[in-house]
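The values are calculated or read from the model by the stated rules, or taken from the named source; none is laboratory data. Keep in mind the model is a prediction, meaning the values are calculated, not measured. No Cβ is skipped: glycine too gets one built from the backbone with ideal geometry, and neighbour counts run over all protein chains shown. For the accessible areas, the whole protein counts, side chains as well, though only heavy atoms, and no ligand, DNA or RNA atoms are used. Shrake-Rupley method; radii C 1.70, N 1.55, O 1.52, S 1.80 Å.
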Amino acid sequence: MTPEHIATIKQYILQRVAGLDKALLSLGDPRNKDVLVFGCGMGNEILWSARHGARSALGIDLSSPRQEPLDALMAEEGFGNFSYAIHECNVHDLALDHPGQYDLIVSNGVFEHVSDLKGVLNAMRPLLRPGGRIAIYADGLWFSAIGGHLGKTNWEHLWMAPHEIKEQFPERWHAYINHLNRMTAVDFLQALRDVGAVVLQFNVRSDPYLRNAAPLMDAIRARQQVSPTDMSITSVGCEICFLEHL
Ligand SMILES: C[S@@+](CC[C@H](N)C(=O)[O-])C[C@H]1O[C@@H](n2cnc3c(N)ncnc32)[C@H](O)[C@@H]1O
């Protein structure tokens, strides 16, 4: 990686970490815990865990992020001796290899991308120790204003035709068609219910762009059936565990 590239990603990590206290801290506090970060991207939640006094942090992701920018930030902030790593692996393999090793699993901005919600939640279960908890924050749900992850805030993914989206957002097209699960808050709660999760907290955040929705409804409804309830919820956050962890 070039120094410029490393600097850009360091900035990105710092910007993402800045939002984590609001998104995750009330759902899961890393202090004195062995933390697993599900869908760690560039490692933002690892730095966040270290800042909050975690014992260790392992980040897993399906893609293979380069660790140099995180390593540089960890060293700069005095966490050179902190026990951390990023692994490219899926949670199912990790569950086989490392059962019962984590006190806290955190996930930010990932569950709106996961295609097999129940499979992933079930795989997390054996990774936890007694007393273990899972803190999940999923933002930009599909029917919210930013749900298409196009970098826009006005439900373009619901009212534009697919060919227009491909033309206007070519760099986002692949993620748009392949990496968004279209789940609603109700779908997420249903998945928690289906796997038998114990729900300790469940929050929804309403869409800050909601007042822009009314003039778009005709154009949206011309393309698809959509519930205003789903459009009005942009994120879900929860703290869960399973009966054996209580
Ligand atoms: C929007 S990024 C969020 C990254 C980071 N958590 C953050 O807040 O910046 C979503 C990440 O989830 C990862 N991801 C999606 N599905 C996953 C899965 N089933 N297992 C592990 N990682 C996954 C993607 O590779 C991507 O890095």
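Remarks
- Taking the stretch 1-76 as the region of interest, the helices (runs of 4 or more DSSP H) fully inside it that hold 3 or more residues being among the charged types (D, E, K, R) and either open to solvent by 30 Å² or more (accessible area, probe 1.4 Å) or touching a Pro at 6+ places or on another chain (Cβ under 7 Å) (or both) are 3-18, 68-76.
- Residue 239 meets each of the listed conditions (1) open to solvent by less than 40 Å² (accessible area, probe 1.4 Å); (2) in contact with a Leu (Cβ under 9 Å, 6 or more places away or on another chain); (3) farther than 19 Å from residue 113 by Cβ; (4) not in a strand (DSSP E or B) apart from (4).
- Single unsatisfied condition, residue 121 versus (1) buried (at least 22 other Cβ atoms within 10 Å of the Cβ); (2) part of a loop (DSSP other than H, G, I, E, B): (2)
- Set 201, 190, 168: member being of a type outside the set (A, V, I, L, M, F, W, C) and in contact with an Asp or Glu (Cβ under 7 Å, 6 or more places away or on another chain): 201
- Scanning the stretch 149-158 turns up at least one residue that is touching a Leu at 6+ places or on another chain (Cβ under 7 Å) and within 13 Å of the ligand (Cβ to nearest atom).
This table checks each residue for (1) near the ligand (Cβ under 9 Å from one of its atoms); (2) among the charged types (D, E, K, R); (3) surrounded by fewer than 22 Cβ atoms within 10 Å (Cβ to Cβ).
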residue: 110; (1), (2), (3): yes, no, yes
residue: 115; (1), (2), (3): yes, no, yes
residue: 126; (1), (2), (3): no, no, yes
residue: 131; (1), (2), (3): no, no, yes
residue: 147; (1), (2), (3): no, no, no
